[in-house]
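Data first, discussion second: the structure below is written as structure tokens.
The values are calculated or read from the model by the stated rules, or taken from the named source; none is laboratory data. These figures come from a predicted structure and were not determined experimentally. Neighbour counts are summed over all protein chains in view; Cβ atoms, including those assigned to glycine, are modelled from backbone coordinates with ideal geometry.
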Amino acid sequence: MRDLDEIVRMALEAGFSLAAPLDLATIKLYPEVREMCASDKCRAYDRNWTCPPACGTLEECSERIRKYNRGIIVQTLGELEDDFDFEGMAELAKKHNEKFYAFHDVLHGIFSDVLALGAGGCSRCDSCTYPDMPCRFPHLALSSMEAYGMIVNEVCTLNGVPYYHGPGKIAYIGCYLFD
């Protein structure tokens, strides 16, 4: 069994700006977050196996989370030219997701089961098979923390991880749960 500090160190070596242990008891799921998903601002609601409603009810998500005993939270930090630097935001999101997927693959090689909850819906495939066919890679598909009903700022705060890093900075956040 790998030591949690070793997993945190591995996450930092994988390129995350910040990594820390995650107390799973601090994870709370809120119907209000799911209601925000239903407003479909990200254009993924009911279009992706890893987004609501396809990722399951809050009760099903809670059951999945309860299967795990340990976890870590990770962040990728970046600087923006200004508050409207959407290109910078998109580039940092892409870098975060590349690291997030790669580290998920590393953890999947260590632990028999890993639940990875990232920033945004799954983008492993160019196009999702939802709803016409089953997910091509269900063991590799990644939901977002919000899809599971988490308030990301709350999870960070309750785990002593900064969420806001000052003006002109942005953080993309995810977590991994494992045994």
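Can you confirm whether residue 88 is touching an Asp or Glu at 6+ places or on another chain (Cβ under 9 Å), in a helix (DSSP H, G or I) and either over 18 Å from residue 15 (Cβ atoms) or among the small types (Gly, Ala, Ser) (or both)? Against the criterion (touching an Asp or Glu at 6+ places or on another chain (Cβ under 9 Å), in a helix (DSSP H, G or I) and either over 18 Å from residue 15 (Cβ atoms) or among the small types (Gly, Ala, Ser) (or both)), residue 88 qualifies. In the stretch 1-51, which residues are free of Cβ contacts under 8 Å to residues at least 60 places away in the same chain and within 13 Å of residue 72 (Cα to Cα)? If the condition is that a residue be free of Cβ contacts under 8 Å to residues at least 60 places away in the same chain and within 13 Å of residue 72 (Cα to Cα), then 3, 5, 6, 9, 12, 19, 25 are the ones that fit. Take the residues of the stretch 58-95 that are aromatic (Phe, Trp, Tyr) and at pLDDT below 95: which is farthest from residue 110 (Cα to Cα)? The residue in question is 84. Restricting attention to the stretch 62-73 and to residues that are more than 14 Å from residue 150 (Cβ to Cβ) and part of a strand (DSSP E or B), the residue that is nearest to the chain's Cα centre (by Cα) turns out to be 72.
Selection within the stretch 126-162: residues that are of a type in the set (Phe, Trp, Tyr) and either at pLDDT below 95 or not in a loop (DSSP other than H, G, I, E, B) (or both). The member of this set that is surrounded by the fewest Cβ atoms within 10 Å (Cβ to Cβ) is 137. Candidates in the stretch 1-14 are the residues that are surrounded by fewer than 15 Cβ atoms within 10 Å (Cβ to Cβ) and not acidic (Asp, Glu); of these, the one that is farthest from the chain's Cα centre (by Cα) is 1. What are the residue pairs meeting all of these: first residue in the stretch 65-77, first residue under 14 Å from residue 25 (Cβ atoms) and of a type in the set (Val, Ile, Thr), second residue assigned to a strand (DSSP E or B) and at pLDDT 95 or above, Cβ atoms under 6 Å, and 6 or more apart or on different chains? Cβ pairs passing all conditions: 73/20; 73/175. For the stretch 121-179, which positions are touching a strand residue (DSSP E or B) at 6+ places or on another chain (Cβ under 7 Å) and of a type in the set (S, T, N, Q)? Matches in the stretch 121-179: 143, 144, 159.
Set side by side, the residues 54, 38 differ, and just one is under 26 Å from residue 179 (Cβ atoms), small (Gly, Ala, Ser) and over 16 Å from the mean Cα position of the chain (by Cα), which is 54. Within the stretch 1-20, the set of residues being of a type in the set (Lys, Arg) and in a loop (DSSP other than H, G, I, E, B) comprises just one member, 2. Scanning the stretch 91-125 for residues being touching a residue at least 40 places away in the same chain (Cβ under 8 Å), among the hydroxyl-bearing types (Ser, Thr, Tyr) and not in a helix (DSSP H, G or I) gives a total of 1. Set side by side, the residues 123, 112 differ, and just one is among the small types (Gly, Ala, Ser) and surrounded by 12 or more Cβ atoms within 10 Å (Cβ to Cβ), which is 123.
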